[in-house]
1. Looking at this structure, is Gly7 in contact (Cβ under 8 Å) with a residue 24 or more places away in the chain, open to solvent by less than 60 Å² (accessible area, probe 1.4 Å) and more than 11 Å from the ligand (Cβ to nearest atom)?
2. Any residue that is farther than 23 Å from Lys189 by Cβ, within 11 Å of the ligand (Cβ to nearest atom) and within 15 Å of the chain's Cα centre (by Cα) - is there at least one of those in segment 17-26?
3. Take Lys12 and tell me if it is over 13 Å from Ile170 (Cβ atoms), touching a helix residue (DSSP H, G or I) at 6+ places or on another chain (Cβ under 6 Å), exposed (fewer than 15 other Cβ atoms within 10 Å of the Cβ) and touching a residue at least 24 places away in the same chain (Cβ under 8 Å).
4. If we scan segment 109-117, do we find a residue that is aromatic (Phe, Trp, Tyr) and over 15 Å from the mean Cα position of the chain (by Cα)?
5. Can you tell me how many residues in segment 47-83 are open to solvent by 70 Å² or more (accessible area, probe 1.4 Å) and not in a loop (DSSP other than H, G, I, E, B)?
6. Just give me the residues in segment 101-119 being touching a helix residue (DSSP H, G or I) at 6+ places or on another chain (Cβ under 8 Å) and either away from the ligand (no atom under 16 Å from the Cβ) or closer than 17 Å to Val57 by Cα (or both), in sequence order.
7. Which one is least open to solvent (accessible area, probe 1.4 Å) among residues in segment 84-101 that are assigned to a loop (DSSP other than H, G, I, E, B) and farther than 14 Å from Val26 by Cβ?
8. Considering only residues that are touching a residue at least 60 places away in the same chain (Cβ under 8 Å) and either touching a helix residue (DSSP H, G or I) at 6+ places or on another chain (Cβ under 6 Å) or over 15 Å from Phe86 (Cβ atoms) (or both), look in segment 30-52 and name the one that is nearest to the ligand (Cβ to nearest atom).
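The values are calculated or read from the model by the stated rules, or taken from the named source; none is laboratory data. Predicted model, so just to flag it, every value in this text is computed and none were measured. All Cβ positions, even for glycine, are placed from backbone atoms using ideal geometry, and neighbour counts span all protein chains on display. Note: accessible area is taken over every heavy atom of the protein model, side chains too, but ligands, DNA and RNA are not part of it. Shrake-Rupley method; radii C 1.70, N 1.55, O 1.52, S 1.80 Å.
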Amino acid sequence: MKLICIGRNYAKHIAELDNEKPEYPVVFLKPDSAILLKQHPFVIPEFTENVHYEVEVLVKIKKLGKYIDKKFAPSYYDEIGLGIDFTARDLQKKLKEKGLPWEKAKAFDGSAVIGKWLSKEALGSVNAIPFSLEKNGTIVQDGNTQSMLWKIDELISYVSQYFTLKIGDIIFTGTPAGVGPVAPNDKLKGFLGKEAMFTIKVK
Ligand code: ZN
């Protein structure tokens, strides 16, 4: 399975990193080795001095598809989740400056946190889901899928032009504003609505 990640999907986050608003969704992949194992702490890798959390809404693909029309996209997923796209921001900055791929900064071991899953029916409209991230008990990111530049069904349609979507693939739909660094002993807790979706300790 693969993790398909979207960058720059929330206007306020684009502004905080001083990025340009893209004409098309920014897409990158993480391998399955990036998934942080359940109950494991997130260990800050030795190659970075500045790892950021990015809380993101996740979509789990349940059907094989390619060139999916936006209007049929809802039949490709039943479950919505929440995760973190950990990013070595210092390394990403260097790679971006040189126009190089981001993988070393984005796709390293443990960089993808995947919390529990909820049925989309239980959430009402997938285009109005509030979500948040707490760091050490304080809310640091607070978003709503209604602020996405490209909504879930548009993202499925877009990425399926390039990658065949397979059962179990997961889409990371981008992070809202408020990204920031983690340090050893931090505790991160993610919420979809009021539902706690994951708790991660940093080492
Ligand atoms: Zn991200």
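1. no
2. Looking for residues that are farther than 23 Å from Lys189 by Cβ, within 11 Å of the ligand (Cβ to nearest atom) and within 15 Å of the chain's Cα centre (by Cα), one finds at least one in segment 17-26, hence yes.
3. On the way: over 13 Å from Ile170 (Cβ atoms): yes; touching a helix residue (DSSP H, G or I) at 6+ places or on another chain (Cβ under 6 Å): no; exposed (fewer than 15 other Cβ atoms within 10 Å of the Cβ): yes; touching a residue at least 24 places away in the same chain (Cβ under 8 Å): yes.
Against the criterion (over 13 Å from Ile170 (Cβ atoms), touching a helix residue (DSSP H, G or I) at 6+ places or on another chain (Cβ under 6 Å), exposed (fewer than 15 other Cβ atoms within 10 Å of the Cβ) and touching a residue at least 24 places away in the same chain (Cβ under 8 Å)), Lys12 does not qualify.
4. So far as segment 109-117 goes, no, none of its residues is aromatic (Phe, Trp, Tyr) and over 15 Å from the mean Cα position of the chain (by Cα).
5. 3
6. Within segment 101-119, Lys106, Asp109, Ser111, Ala112 qualify.
7. Going residue by residue through segment 84-101, those that are assigned to a loop (DSSP other than H, G, I, E, B) are 86, 98-101.
Right, trim to farther than 14 Å from Val26 by Cβ and you get 86, 98, 100.
Working: Phe86: 0, Lys98: 156, Leu100: 83 Å².
So, considering only residues that are assigned to a loop (DSSP other than H, G, I, E, B) and farther than 14 Å from Val26 by Cβ, the one least open to solvent (accessible area, probe 1.4 Å) is Phe86.
8. Looking at the filtered set, the residue picked out is His52.
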